[in-house]
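No lab work stands behind these numbers, since they all come straight from the coordinates. All values reported here derive from a predicted model rather than from experimental measurement. So basically every Cβ, Gly included, is an ideal-geometry build from the backbone, and we count neighbours across all protein chains shown.
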Amino acid sequence: MKISARIASSRPLATTAMHGRVETLRNEGRPVIDFSIAISHFPAPRVVLDAVAGVIERQRTLPYTSVVGELRLRRHLLAKLRSENGLEADSGEIIVTNGAKQALYEALYVTSDPGDGVLIFKPHWPAYVATAQLLGLRPILADLPDEITEEGLAALEPARIVIINNPHNPTGKVYTRRELECIRDWVARTGARVIVDESYEHLVFEGRQTSLAALCDWRGIGVVTIFSASQSYAMMGWRIGFALAPAEVVQAMQTLQGPITAAAPHLSQVAADAAFASGASPAMLADYRARRDLAVDLFAGTPWIVMHAPDSGPYLWGDVRGLTLDSAGFAEALLEAKQVAVLPGEALGAPGFIRLGYISDDVATLRDGIRRIVEFGDAYAAKSKK
Ligand code: PMP
């Protein structure tokens, strides 16, 4: 059947495509270690499972809830925003979505028109560019500097919308208050709207991240802030995200979400309620920190890769430009030769880098996978010298 021109030029997300390749190889009996995404090895918290089990046992599952999510859940999320993020809002300014991904799609959809420019810092999470393209928007890619400054921002091409990912996938950068103030002043001057994705807010290893919205008149400037249960509570499969936005934006998102998915599933809302009420797990964060340190240590002294310990998040971001700019070729050959999957930087707008999710497997597998990468890279380096 003929596929519409609208979608025909789009490709599946690089992360989805790599995941598919890993599945195929595993089905062929090849034992692949998958570092290409970061799926927590932790199960969803006990309180979450108990809350859901209780609702099932009492046969209290609801049919459709209100599209924006159950009022009780939204009230609890507002309390979370107040205590964790320093944000005051009311129940008309929040919408529960099927994951942060849906919130991102809807937020972009309702704040832009086809052809508008969307500023995205690179390296970037692949879905930002993919979503902008699906909506007929024009991604404007700019290098993410080590430090955001007024001068740096002033030099950028003006855009209708700016996407900020704080904490940042894949580098782990946590924006400082000063940087966020620069962004705030710049968007107030240029009139750009801002979408801030804070999906990794609970995976900061030292201190806390600051919400841009807490530093500004987010209703006046037009800031949409997106949150997710996926990474904070190891709940990717429950598909719960939510957005804080000016009431008219939330209303428009509701109009869009109604005919597509309606509300997020009721049981997932119950799960999210329990998760956000219990708060993020210090034990999980400590486990991730220990793995991060181990993984960085295992790469130490490897001459062909520059690997810094990230300040947040479940990824290592390795600079292999000294070895090759063709990180896609490197990742492909690595997968073939050593059955280890990493995400090549090309997928994130940064050739010459590789991204490794380090929270998915047991520690022995993490060690084994990194050993195989180092072996492969050493041989690759030796070959390219010849
Ligand atoms: N934002 C970022 C930056 C991500 O890396 C991801 C994927 N983990 C998401 C959002 C997706 O979140 P969700 O599972 O809630 O759709």
Three-way shape label, segment 17-151, alpha-carbon gyration tensor, a/c 1.5: oblate
DSSP-loop chymotrypsin sites (Phe, Trp or Tyr not before Pro) across segment 13-114, with at most 15 other Cβ within 10 angstrom: 64
Sites residue 367 and residue 17, calculated FRET efficiency, Cβ-Cβ separation with R0 45 Å, nearest 0.05: 0.95
Residue-averaged 222 nm ellipticity for the chain, from DSSP H runs of 4+ at -39500 (n - 2.57), nearest 500: -13500 deg cm²/dmol
Relative contact order, percent, segment 275-386 [alpha-carbon distance under 8 Å, six or more residues apart]: 25 percent
Antiparallel bridges, percent of DSSP beta bridges restricted to the chain (to nearest 5): 45 percent
Which of 106, 157, 150 has the fewest Cβ neighbours within 10 Å, and the rest in rising order: 157, 150, 106
Most to least packed among 247-257, 372-382, 299-309 [average Cβ atoms within 10 Å]: 247-257, 372-382, 299-309
Local net charge near residue 9, Cβ-Cβ under 15 Å (Lys/Arg +1, Asp/Glu -1): +4
Paramagnetic label zone (point 7 Å from Cα along Cα-to-C-beta, residue 290; backbone N under 20 Å) in segment 343-386: 357-371
Bins of 10 Å from zero: percent of alpha-carbon pairs in the chain: 5, 23, 32, 27, 13, 2, 0
Spin-label model distance (nm) - residue 62 vs residue 157, 7 Å beyond Cα toward Cβ: 4.5 nm
Cβ crowding within 10 Å averaged over residues, with 37-47, 53-63 ranked highest first: 37-47, 53-63
Max mean-square fluctuation residue, GNM over the chain, Cα-Cα springs under 10 Å, options 180, 108, 153: 153
Derived scalar couplings ³J(HN,Hα) [segment 193-203; Karplus, 6.51 cos²θ - 1.76 cosθ + 1.60; whole Hz; x for Gly, Pro]: 8, 10, 10, 10, 9, 10, 4, 9, 4, 8, 9
Prolate/oblate/rounded label for segment 62-278 (Cα gyration tensor, a/c 1.5): prolate
Magnitude of the charge dipole, segment 62-278, Cβ model with Lys/Arg +1 and Asp/Glu -1, debye to 20: 500 debye
Segments 268-277, 231-240 sorted - mean Cβ within 10 Å per residue, highest first: 268-277, 231-240
Which of 34, 217, 361 has the fewest Cβ neighbours within 10 Å, and the rest in rising order: 217, 361, 34
Relative contact order [Cα under 8 Å, 6+ residues apart], segment 62-278, whole percent: 30 percent
Residue 217-residue 1 pseudo-label distance in nm [points 7 Å out on the Cα-to-Cβ vector]: 5.0 nm
Relative contact order computed over the chain (Cα-Cα under 8 Å; 6+ residues apart), in percent: 23 percent
Charge sum, other residues only, whose C-beta stays under 11 Å from residue 279's C-beta, Lys/Arg counted +1 and Asp/Glu -1: 0
For residue 344, net neighbour charge (Lys/Arg +1, Asp/Glu -1) across residues whose Cβ lies under 11 Å away: -2
Length added when fully stretched, residue 9-residue 79, from 0.36 nm per residue minus Cα-Cα: 20.9 nm
Gyration tensor verdict on segment 237-386 (Cα atoms; rounded if a/c is under 1.5, prolate if a/b is larger than b/c, oblate otherwise): prolate
Pairs beyond 31 Å (Cα-Cα), from 101/173; 80/173; 101/383; 173/385: 101/383; 173/385
Ranked list, fewest to most other Cβ atoms within 10 Å of each Cβ, for 9, 230: 9, 230
